[in-house]
1. Give the stretch 153-173 a look and list any residue that's open to solvent by 20 Å² or more (accessible area, probe 1.4 Å), touching a residue at least 40 places away in the same chain (Cβ under 8 Å) and of a type in the set (Gly, Ala, Ser), or say none.
2. Out of (1) open to solvent by 70 Å² or more (accessible area, probe 1.4 Å); (2) within 15 Å of the ligand (Cβ to nearest atom); (3) under 24 Å from residue 351 (Cβ atoms), the odd one out for residue 258 is which?
3. Those residues that are among the hydrophobic types (A, V, I, L, M, F, W, C), within 15 Å of residue 338 (Cα to Cα) and part of a strand (DSSP E or B), I need them from the stretch 368-390; list them, please.
4. Would you mind listing the strands (runs of 3 or more DSSP E) fully within the stretch 196-238 where at least 2 residues are touching a residue at least 12 places away in the same chain (Cβ under 8 Å) and open to solvent by 10 Å² or more (accessible area, probe 1.4 Å)?
5. Does the stretch 295-318 include one or more residues that are at pLDDT 95 or above, closer than 17 Å to residue 212 by Cα, within 13 Å of the ligand (Cβ to nearest atom) and basic (Lys, Arg)?
6. Grab the helices (runs of 4 or more DSSP H) fully contained in the stretch 1-91, keeping just those with 3 or more residues being open to solvent by less than 50 Å² (accessible area, probe 1.4 Å), under 24 Å from residue 140 (Cβ atoms) and modelled with pLDDT of 95 or more.
7. Identify the single condition in (1) of a type in the set (D, E, K, R); (2) open to solvent by 50 Å² or more (accessible area, probe 1.4 Å); (3) within 13 Å of the ligand (Cβ to nearest atom); (4) modelled with pLDDT of 95 or more that residue 340 does not satisfy, given that it satisfies every other one.
8. Check every one of the strands (runs of 3 or more DSSP E) wholly within the stretch 254-325 and list those with 3 or more residues that are in contact (Cβ under 8 Å) with a residue 24 or more places away in the chain.
Amino acid sequence: MAGKKRVLLIIGGGIAAYKSLELIRRLREREISVRVILTAAGKNFVTPLSASSLSGDKVYEDLFSLTDEADIGHIQLSRDADLVVVAPATADLLAKAAHGLANDLASTVLLATDKKVLVAPTMNVRMWDHPATQRNISTLKADGYLFVGPNAGDMACGEFGSGRMSEPSEILLAIENALSAPAITSLSPGSLKGLKILVTSGPTREPIDPVRYLTNQSSGKQGHAIAAAAAAAGAEVVLVSGPVDIQDPTGVRVIHVETAAQMYDAVHGSLPADVFIGAAAVADWRPETLADTKIKKSAGVVASLALVENKDILASVASAGSKRPKLVIGFAAETTQVLDYGRRKLDSKGCDIIVANDVSAESGVLGGDLNTVHIIQRSGTESWPKMRKSEIASRLVDVIGSFDHGDKK
Ligand code: C5P
């Protein structure tokens, strides 16, 4: 990274604020300087003294003390930074930012900054799920805010669900991605307007009998992130999703399916589209027969399962004649020879782009939040550094936006 990067860290009032102290330490270990704004609520969780000791700088708390000549103004705080990070980002801070309220130092800086803003939300799961919060998040995403987390898990309030702030290591990675990505020309909210984008995501589930099925470890995180990013860029998005544990992205029409055959029908029923992105991990096979009742075991008998191949959805869309989308993008999840298999898939599936990634157990890609992908086109291959799946989604949306889509509807 050229030159010393500077982060302006806004610490909001959440129990996870203690993790932000660890974040300051880890940023400074990486030679990234940190200047801290502590909100009034944040002060209930960490002290200005601890934040100041770790950042090696004064901690800024009060909007009006910044009018002192000896001090620097809120505009200067933002000017001095390469990136503004809000961690923890409470429901209140997100709501203020989404509505342009500016009644304290943190919200005023957020309104006044022209720098990228990365937020790490944390709140009670019901506050997170509340339509008001979800609306604010969609607004902020459309405004270009970057998000890291929240994660799902046990919460300080004794509940379980989505709302835990990301770990310092995850926030650090998101910061490094944001700081090292000047090349990302994040598309403006209307830049995919007029395009219909059809996305598949998640695994499929192939029943064996009424209680058993075959499936795989796909979480749907990558496909859902792509659908969300495309919708944020103004596209009309239809997402055909297999069974996943994550929420439907906002602003997207979601068709929920279970089996590969249902996914095939839902996809073809949703054509025509301008762009097709096959991010689902479609089961290659299904049991030849579906037992009506639970199959019983018999002692000493080796059980066997006859499998038949599922139809290839991606290949069928790529060869759909007049209904073929102008841009067909497939994924190649491989455990070895990722580039090699990826290149071959470009032709065998008949698509325009293959996004190839390593899904070996060591990679942690399946179910994880990070991914390393190679964008394979006939004109050449571009390898992207390891980054969050949401970041890959917005870059992919940039790639889609860079194609000539002719007359948009
Ligand atoms: O052949 P393989 O499963 O490795 O190909 C991966 C790509 O093909 C992914 O884009 C996946 O969504 C798509 N696919 C499909 N239908 C299948 C199998 C794979 O659309 N039956």
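The values are calculated or read from the model by the stated rules, or taken from the named source; none is laboratory data. Predicted model only: the values in this text are computed from it and were never measured. Methodologically, a virtual Cβ is constructed for each residue, glycine included, from the backbone with ideal geometry; neighbour enumeration extends over all protein chains shown. Keep in mind that these areas ignore ligands, DNA and RNA; they rest on the heavy atoms of the full protein, side chains included. Shrake-Rupley method; radii C 1.70, N 1.55, O 1.52, S 1.80 Å.
1. Residues satisfying the conditions are 156, 162, 169.
2. (3)
3. 373, 375, 376
4. Here the list reads 206-209, 212-214.
5. no
6. 17-29
7. (4)
8. So the answer is 275-278, 285-287.
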